[in-house]
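The values are calculated or read from the model by the stated rules, or taken from the named source; none is laboratory data. What you are looking at is a predicted structure, and each value in this text was computed from that prediction instead of being measured. Positions of Cβ are backbone-derived with ideal geometry, glycine not excepted, and every protein chain shown enters the neighbour counts.
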Amino acid sequence: MKVTKAEFIISAVGPNQYPEDALPEIALAGRSNVGKSSLINRMINRKNLARTSSTPGKTQHLNYYRVNDQLYFVDVPGYGYAKVSKSQREVWGKMIEKYLQERETLKLVLQIIDLRHPPTKDDELMYDWLKAYELPVCVVATKADKVPKSRWQKHLKIIKEALVLRGGDPLILFSSEEGIGKDELWAQIERYAGLTEGTEAASLDTSDTENGKS
Ligand SMILES: Nc1nc2c(ncn2[C@@H]2O[C@H](COP(=O)(O)OP(=O)(O)O)[C@@H](O)[C@H]2O)c(=O)[nH]1
Ligand SMILES: [Mg+2]
């Protein structure tokens, strides 16, 4: 996708603040500091529209960014940050759970993992949780620039096995620093958001064509 317009829309504290224009939503989930905001900035070619912060765990809101008037990135507060109090974590859990379970315009969750390290217990729980809701997940292994190229495949395999990646969920190598994986990730996002002819749409077209014998 060629991004020509990207805007911050709202930092929403609850459903009554979520946008009502029914554009497809792509949510980002991942530990605090894993690189969610940086990934959004890279995808939309902006240095600092999604704030990258060195004080993780601060945001308790869903941050909505609208891209090309076609879709939203929804930056979900990071999980697994030890310094967040238990009561705060419960508020987080309830809000996110409700969003993930009930948001009809949510088309895909990007679960962001740090390529350098094996997934944490929180990463594994999050993936299982998303799958329990039958949500399509695209796992994005970021900070690839920090891992020697010769070890990329090995690290990807560890992530794949630890999460028990299933249901055809893609796994994409990424770097916000260098732009690695950007085109591949856009292709997946467009496919799940229904913005291009993905494989399903393409195969439907084929059968139509065959029936029409053109
Ligand atoms: N080298 C490198 N650093 C990254 C990358 N993505 C994020 N970072 C750094 O990781 C830190 C946390 O990033 P941020 O996007 O704020 O994480 P968030 O808390 O998940 O939104 C920042 O210092 C970023 O500059 C990446 O792909 N490569
Ligand atoms: Mg952030």
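Looking at the stretch 139-150, can you tell me whether even one residue there is at pLDDT below 95 and not aromatic (Phe, Trp, Tyr)? No; the residues of the stretch 139-150 include none that is at pLDDT below 95 and not aromatic (Phe, Trp, Tyr). Of all the criteria given as (1) farther than 19 Å from Ala27 by Cα; (2) free of Cβ contacts under 8 Å to residues at least 40 places away in the same chain; (3) among the hydrophobic types (A, V, I, L, M, F, W, C), the one not satisfied by Leu156 is (2). Of note, Thr52 satisfies the criterion of being under 21 Å from Val139 (Cα atoms) and modelled with pLDDT under 95. Close contacts from the stretch 68-80, counting a first residue that is without any contact (Cβ under 8 Å) to a residue 60 or more places away in the chain and in a strand (DSSP E or B) and a second that is of a type in the set (Gly, Ala, Ser) and within 12 Å of ligand 1 (Cβ to nearest atom), with Cβ to Cβ under 8 Å and a gap of 6+ residues or different chains, come to Phe73/Ala50; Asp75/Ser37; Asp75/Ala50; Tyr79/Ala29; Tyr79/Gly30; Tyr79/Ser32. Please go through the stretch 141-199 and give me each residue that is within 16 Å of ligand 2 (Cβ to nearest atom) and within 20 Å of Lys2 (Cβ to Cβ), ordered by number. Matches in the stretch 141-199: Phe174, Ser176.
State whether the residues of the stretch 19-29 include one that is touching a Gly at 6+ places or on another chain (Cβ under 9 Å), within 11 Å of ligand 1 (Cβ to nearest atom) and modelled with pLDDT of 90 or more. There is at least one residue in the stretch 19-29 that is touching a Gly at 6+ places or on another chain (Cβ under 9 Å), within 11 Å of ligand 1 (Cβ to nearest atom) and modelled with pLDDT of 90 or more.
Would you mind stating whether Asp145 is surrounded by fewer than 17 Cβ atoms within 10 Å (Cβ to Cβ) and either free of Cβ contacts under 8 Å to residues at least 40 places away in the same chain or assigned to a strand (DSSP E or B) (or both)? Criteria met by Asp145.
Checking the stated criteria, Leu39 turns out to be within 13 Å of ligand 1 (Cβ to nearest atom) and either at negative phi or assigned to a loop (DSSP other than H, G, I, E, B) (or both).
I'd like the residue in the stretch 106-118 that is in contact with a Phe, Trp or Tyr (Cβ under 8 Å, 6 or more places away or on another chain) and not aliphatic (A, V, I, L, M) and, out of all such residues, is nearest to Leu156 (Cα to Cα). Out of the qualifying residues, it is Gln111.
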